[in-house]
Amino acid sequence: MARVKSQKSQKRRKTFVRFLPIYILMLPGLIYLFINNYMPLPGLVIAFKQYNAGKGIYGSPWVGLKNFEYLFTTSDAFVITRNTILYNVAFIVINTTLAIAVAIVLSELEGKRKKVYQSAILLPNLLSTVIIGYLVFAFFSVENGFINNTILKALGKDPVSWYSEPKYWPFILIFVSAWKSVGYNCIVYLATLMGFDKSFYESAKIDGATRWQQIKYITLPLLRPTIIMLTMMAIGRIFYSDFGLFYQVPMNQGALYSTTNTIDTYVYRGLLQMGNVSMSAAAGVYQSIVGFILVLGANLLVRKIDRDSALI
Amino acid sequence: MKKKVAAIFMASIMACSMAACGSSGGSSDSSKTDSKDKSTASSTAENGSGEVEKIIVSFPTWTGAPADTEKVQEAINDITRDKIGVEVELSITDFGSFNQNTTLALSANEEIDVLACVGFSYQTGIQQGYLSDLDENDLLATYGPDIAEAVGQDNIDACRVNGVLYGLPSNRDIAQGRGCAAIATEYLDGIGYEVKSDDEIVKISLDELNDIYAQLHEKYPDKEVYRPTTGSMSQFSNVDSLGGNVFGVLLDYGQNLDVVNLFESDFYKNYCARLYDYNQKGYISADASTDTTAVGELVKAGTLMSYTTGGKPGIKAQETTLTGRDMTIFQTLDDYISSTSVAGMPWTIPISAQHKEAAMKFLNECYTNADVANLLAWGIEGTHYKIGDDGLATYADGVAASNSGWNHSMGWMMPNQFLTHVWEGNDPDLWTKMKEFNTNAKVSKASGFSFDSTNVANELTAVQNVYNEYQTSVEYGFVDPETGIAEMNDKMMTAGLQKIIDEKKAQLAAWQEANK
């Protein structure tokens, strides 16, 4: 019995030694993860305390779930959860579709033109969201904006007060997000596309396949693993919103909260405008829990559809 | 093996998704050690260079750190280094970001030794435990013995919350002329309006003001007549916002201690109706809620003619300096000291201070040393200002409002404005007049009352969220007050507004009982 055990441990040691270089490679990443993602975890208790900086995190009195109450006494929790999830679902569907379409179009182009187009599409991604916010403002400003002054005027319609009408903002934000991120998103797809064996397309052409048929029956099936992987990664972040997009682009307008407030902007406003650390932490905990459930749920779904692509 | 690596990888992904809230909460932990490191580093430096302690003094100005901040800082240090063994580092932020920056710095326990609670709420600071007790170890009595005499013991006591002193009031215009409108004089000349009084602040009725606006709009249809800001409603009201928030207020200059819901009051309805009317007439820019440019800048740029301000002796010169145009100040309501005025903008020592004694010594200097007070308010004599033959201060030779390296027009925020030079364009007896102004104003009956919001923290946050959502559209007159106010009020009631009002009622009654 003892011999079997020692044999086993010896074997284990051998494998450990064999894989040592890989473990060492992993080390910096693990240290980073530990410092950045594990060390702050004890801070979660703030959400359950009435935080007082004078008494410190551990000296502050416990208050149970009291810090969570304000989320649920109003419709706040519902609104921010709904906004965060629906926007991200829309972003995943629309931005992925657009990215693939643009990648396919770009892959058909050749030479210098391709570089110019690709750079032009990528450019918005390099802009700060604050600047994008003002670009949007240049279009939608009620008095001096392009849309009210040029387009609506030409159509003979009344100017619209864009920054006080929440109903328009889902469309505006989705458009801005697509415009901003399509260039970046299509890079991975484009790289994958360039690696496809050209002989598939050549033989398809000989068989008389049209462009559309080539895309439908060759390109898209080959892209499938990439699409699933990138979508999974996006779903993993479905409960996190692009803060700049939701805070800067609507210019932090109170009247637009019903369609632009997401969990991240809510927590930010809560902490920095109202200065209540505990309640912001409570909203953060809520975000983590719902996010965790969503990731596991999405993974479960993917595993049912395509076992190999699931993460766990 | 592959599985194991995969498992660790998965675990780390999970961790990523878990960490978001941790990072906001835990940051105070990690930076605590950080600032401790810093303090040991600085204390070793001290030992090297003698007994001088270096403190960080934080306050806002409208536009952020002036160009000559370091020069002024050096000039202050030249005085304080020898006299009290303290060197300061001025940490100045623009007014718009000050609240956020301060909250962030305090929650991360970054060192701030002296903090002006201007734009950053004194109440929040106390509730979150960011401010230290100034009586602890007789800090005030030992290191700031002259402060009480400079500002008055009554005013100091007015800053106590539940008996604990967290901040020191400044000597300034504690009263506020309510219902004041600043209008650029050139436009008044344009419509041929003649000011019928020699007073610095012209008293008129609201109807007369509306009449002036109508004429201005007719004469200058391309210019914005009036631009509201988030503070306009309370400046243009006679309410006492107990505890620094408008959820449960006293009406009629706080003359009776009956806590009411502001949003159901006639005053609020009339106010919003007036602004709605302004909007219908096109007085207010449709971009007013999105455009966060300071009103002074808009007047300077020549696109705006009028805005709301708080009246006080010297306001005309102050606003004229601010906008670069001659301003006329009108007042429609009375001068008033509300229950939150005295403790409205105190100077504090946060718990993240590393040198509390030095901080108090420095504050003592600010309250009593005219040289330090002048440096803070006007900069360096000869560089930024000079004293004219009439004894009033003015820009130094070759310096103007536009290129001065220290021209923040925030003298009122500094601990003791009464020690400083009077600026040109003002009455040479400005500070005497200011004291009279403070004495003659109507005083709220709740003066001295401080609200402890611990029991209703949840409701306050929820109601504040609703207010944030509706404030600009209702108070800037973008929606019909008939429907807008009711909608906001209903939502606030759901969020717990009544509970806040009841709590204020109870606390006020208890306070009244104790102070009979």
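Just so it is clear, none of the values below were taken in a lab; they were calculated from the coordinates. None of these values were measured; they are calculated from a predicted model. Methodologically, a virtual Cβ is constructed for each residue, glycine included, from the backbone with ideal geometry; neighbour enumeration extends over all protein chains shown.
Mean per-residue shielding of peptide A:72-80 is 3, counting Cβ atoms of other chains within 10 Å of each Cβ.
Taking the Cα centre of region A:206-312 as reference, the dipole from Cβ charges on Lys and Arg (+1) and Asp and Glu (-1) amounts to some 200 debye. Remark on B:TRP423: its backbone amide H falls under 5 Å from those of B:ALA393, a criterion applied only to residues 5 or more positions apart or on other chains, H modelled at 1.01 Å from N.
With all pairs of different C-alpha atoms in the average, the Kirkwood value for the hydrodynamic radius of region B:176-337 is 16.3 Å. Lys-Lys pairs in region B:176-337 that are eight or more residues apart or on separate chains and whose Cα atoms lie under 23 Å of each other come to 13. Measuring nothing but alpha carbons in the protein assembly as shown and taking Rh as the Kirkwood radius, the Rg to Rh ratio lands at 1.02. Placing unit charges on each Cβ (+1 for Lys and Arg, -1 for Asp and Glu) gives region B:176-337 a dipole about its Cα centre, and among B:SER289, B:PRO221, B:VAL202 the Cα reaching farthest toward its positive end belongs to B:SER289. Between A:ILE147, A:ILE22, A:ILE85, the Gaussian network model of chain A with springs among Cα atoms under 10 angstrom shows the greatest mean-square fluctuation at A:ILE22.
Quick one: B:SER447, B:SER97, A:SER6, fewest Cβ neighbours within 10 Å first, how do they rank? Don't skip to the end; give the middle numbers.
On the way: B:SER447 18, B:SER97 14, A:SER6 10.
Sorted ascending by nearby Cβ count, the order is A:SER6, B:SER97, B:SER447.
Taking every residue in A:31-42 and counting other chain Cβ atoms within 10 Å of its Cβ, the average works out to 5.
Under the simplified labelling scheme, the B:ALA510-A:THR150 pair shows an inter-label distance of 6.2 nm, with each label point 7 Å from Cα along Cα→Cβ. Run down the lysines and flag those whose C-alpha is under 28 Å from the C-alpha of B:LYS356, throwing out any fewer than 8 positions away in its chain. Once the sequence-local lysines are set aside, what remains near B:LYS356 is A:LYS49, A:LYS55, B:LYS32, B:LYS36, B:LYS38, B:LYS54, B:LYS71, B:LYS83.
Under a 5 Å amide H cut-off, with hydrogens placed 1.01 Å from N, B:CYS180 pairs with B:THR309, B:GLY311, B:THR332 among residues at least 5 apart or on other chains.
From the residues B:ALA141, B:LEU322, B:VAL479, which one has its Cα farthest along the dipole of chain B in the positive direction, the dipole being from +1 and -1 charges on Cβ of Lys/Arg and Asp/Glu about the Cα centre? My answer, from the dipole projection, is B:VAL479. Pairs of Lys residues in region A:86-260 are counted when their Cα atoms are under 22 angstrom apart and they lie 8 or more places apart or on different chains; the count is 10. When only alpha carbons are used to place a centre, region A:247-269 and region B:293-368 end up 30 Å from one another. In straight-distance terms, cross-link reach from A:LYS8 covers every one of the lysines whose alpha-carbon lies under 27 Å from its own, apart from those fewer than eight places away in the same chain; here that gives B:LYS2, B:LYS3, B:LYS4. Across peptide B:121-131, the mean count of Cβ atoms from other chains lying within 10 Å of each residue's own Cβ comes to 4. Its residue count N sets the reference 2.2 N^0.38 Å, and the alpha-carbon radius of gyration of chain B equals 1.04 times that reference.
Taking each DSSP H run with n ≥ 4 as -39500 (n - 2.57) and averaging over every residue of the protein assembly as shown yields -17000 deg cm²/dmol at 222 nm. For B:ASP240, B:ASP291, the sequence from fewest to most other C-beta atoms within 10 Å is B:ASP291, B:ASP240. Structure remark: mean-square fluctuation, Gaussian network model of chain A, C-alpha springs under 10 Å; the largest value among A:MET251, A:MET194, A:MET39 belongs to A:MET39. Return the long-range amide H neighbours of B:LEU131 (sequence gap of 5 or more, or a different chain), with a cut-off of under 5 Å between placed amide H atoms. Amide H neighbours of B:LEU131: B:ILE351. Taking the Cα centre of each part, how many Å lie between region A:8-22 and region B:456-471? Computed from Cα coordinates, the inter-centre distance equals 59 Å. Fully extending the segment from B:LYS281 to B:ALA301 would add 4.9 nm, taking 0.36 nm per residue of separation and subtracting the current Cα-Cα distance. GNM remark for chain A: springs join alpha carbons under 10 Å apart, and the peak mean-square fluctuation among A:ILE131, A:ILE31, A:ILE174 falls on A:ILE31. If only the Cβ of Lys and Arg carry +1 and only the Cβ of Asp and Glu carry -1, the dipole of the protein assembly as shown around its Cα centre is close to 6860 debye.
Here the spin labels are modelled as points 7 Å beyond Cα on the Cα-Cβ line, and at B:THR494 and A:LEU127 they lie 3.6 nm apart. Under Stokes-Einstein, with the Kirkwood radius over Cα pairs as Rh, the value for region B:455-514 at 25 °C and 0.890 mPa s is 196 µm²/s. In this simple spin-label approximation, B:ALA370 and B:ASP211 carry label points 7 Å from Cα along the Cα→Cβ vector, and these lie 4.6 nm apart. Taking 0.36 nm per residue of separation and subtracting the Cα-Cα distance, full extension of the segment from A:ARG303 to A:PHE19 would add 99.3 nm. Among all lysine pairs in region B:376-514 that are eight or more places apart or on different chains, how many have alpha carbons less than 27 angstrom apart? For region B:376-514, the number of qualifying lysine pairs is 13.
Working note: Karplus 6.51/-1.76/1.60 with θ = phi - 60° gives region B:246-253 the couplings 8, 9, x, 10, 9, 9, 6, 6 Hz, where Gly and Pro are set to x. When the protein assembly as shown is described by a simple charge dipole with +1 on each Lys and Arg Cβ and -1 on each Asp and Glu Cβ, the residue from B:ASN455, A:LEU173, B:GLY177 located farthest towards its positive end is A:LEU173.
If I take R0 = 25 Å and measure r between the Cβ atoms of A:VAL116 and A:VAL188 in this structure, what FRET efficiency does the formula 1/(1 + (r/R0)^6) give, to the nearest 0.05?
Numbers: r = 20 Å, r/R0 = 0.81.
Rounded to the nearest 0.05, the efficiency is 0.80.
Hey, can you rank B:467-473, A:95-101, A:73-79 by average C-beta count inside 10 Å, highest first?
Values: B:467-473: 20.3, A:95-101: 18.4, A:73-79: 16.9.
Highest mean packing first, the order is B:467-473, A:95-101, A:73-79.
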